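One structure is given here, and the rest of the page talks about it.
The values are calculated or read from the model by the stated rules, or taken from the named source; none is laboratory data. As the structure is a prediction and not an experimental result, all values here were calculated from the model. A quick note on method: Cβ atoms are made from the backbone with ideal geometry, for glycine too, and the neighbour counts reach across all protein chains shown. Side chains included, ligands, DNA and RNA excluded: accessible areas come from the protein's heavy atoms. Shrake-Rupley method; radii C 1.70, N 1.55, O 1.52, S 1.80 Å.
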Amino acid sequence: MNTYRLLISCPDAHGLVAKVSQFIFEHNGNIKEAHHHLDAQNKRFFMRIEIESNPTHLLDDFKQAFTQLAKQYQMNWQMNDANQRKRILIMGSKSSHCVADLLHRGHENELEGNIIGILSNHNKLSKIASWYEVDFKQVAIEKATKTADMAKMMNTVDSFNPDVIVLARYMQIIPKSMCEKYQGKIINIHHSFLPSFVGANPYQRAADRGVKLIGATCHYITNELDEGPIIEQDVLRVDHSDSAAEMQKMGQDIEKITLAKGLQYHLEDRVLTCNNKTVVFR
């Protein structure tokens, strides 16, 4: 059986669930999984449905048939083939904890996608990429030649033809043009001290401040630095006995798990955006 994922965002209207369900029934589909949510404040309706269908009913046929219903209800929608694994490009710098975690998950087939490459502004990640037999590209970003280097970096990204880009502690600001080109397809991870402890040594400054919670935030990239729609977050309680180094180790563990969860939600087509927030159907 083929499995398709239908994602819908539209103005709220009476009978939407019934209309979509009836369409699936009339086109010989079977609802395998269904979620929906009404954002009362914005008066928008969100839906995610997994559809099982006979192999003779192709994705393009479903899309073409659904277009008329979608137009009637002013839907923003997409229908994806669940068997078509997404192409994942990982971007990193010197920190390897998130990169290594994703590579291992990919190696163990825990991700619903294929890691096609690692792109870094340093050479440190080349060894781990080689061990996992993943293509590695380095594009250094220098202050004196930053504009040209960024252009080279973006051309390298394009050459991978990625479906999703994961910033696994990539310590460069993504250019506006790249944010726009890959809107909703670039996922970032950072500690949850922002905006309190911006810049270097956040864990030391957090320890000096006596924080009681540390955490991580996984979000989509936008033109506004670290202000994109949040996909996943997690926290861990700490106290006065935890040193900055211990907090950093715990924080990196949270970053790994939070990024992996956020990426998996995206790969499984579980995330829809509304303004600057997300609806995540777990």
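Data overview
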{"item": "Unique match (being crowded, with 20+ Cβ neighbours inside 10 Å, assigned by TED's automatic domain parsing to the domain that holds LEU272 and either on the phi > 0 side of the Ramachandran plot or of a type in the set (A, V, I, L, M, F, W, C) (or both)) among ILE173, ILE165", "result": "ILE165"}
{"item": "Filtered residues of segment 207-234 (kept if surrounded by fewer than 22 Cβ atoms within 10 Å (Cβ to Cβ) and hydrophobic (A, V, I, L, M, F, W, C))", "result": "ALA207, VAL211, LEU213, LEU225, ILE230"}
{"item": "For GLN204: the one exception among (1) open to solvent by 80 Å² or more (accessible area, probe 1.4 Å); (2) assigned to a loop (DSSP other than H, G, I, E, B)", "result": "(2)"}
{"item": "Residue within segment 42-55 that is of a type outside the set (A, V, I, L, M, F, W, C) and within 18 Å of the chain's Cα centre (by Cα) present", "result": "yes"}
{"item": "Check on SER159, open to solvent by 30 Å² or more (accessible area, probe 1.4 Å), at pLDDT 95 or above and of a type in the set (Gly, Ala, Ser)", "result": "yes"}
{"item": "Any hit, segment 136-145, residues being more than 18 Å from LYS94 (Cβ to Cβ) and without any contact (Cβ under 8 Å) to a residue 12 or more places away in the chain", "result": "yes"}
{"item": "Pair list, Cβ < 8 Å and 6+ apart or interchain, from segment 243-265 residues that are in a helix (DSSP H, G or I) to residues that are aromatic (Phe, Trp, Tyr) and surrounded by 20 or more Cβ atoms within 10 Å (Cβ to Cβ)", "result": "ALA244/TYR203; ALA245/TYR203; MET247/TYR203; GLN248/TYR203; GLY251/TYR203"}
{"item": "Yes/no for ALA129 being small (Gly, Ala, Ser), outside any strand (DSSP E or B) and surrounded by 17 or more Cβ atoms within 10 Å (Cβ to Cβ)", "result": "yes"}
{"item": "Every residue from segment 207-225 that is in a loop (DSSP other than H, G, I, E, B) and in contact with a Pro (Cβ under 8 Å, 6 or more places away or on another chain)", "result": "THR222"}
{"item": "In segment 133-146, the residues that are assigned to a loop (DSSP other than H, G, I, E, B) and open to solvent by less than 50 Å² (accessible area, probe 1.4 Å)", "result": "VAL134, VAL139, ALA140, ILE141"}
{"item": "Where a residue in segment 83-95 is in contact (Cβ under 8 Å) with a residue 24 or more places away in the chain and its partner, wherever it lies, is in a loop (DSSP other than H, G, I, E, B) and of a type in the set (S, T, N, Q), with Cβ under 6 Å and at least six apart", "result": "SER93/ASN121"}
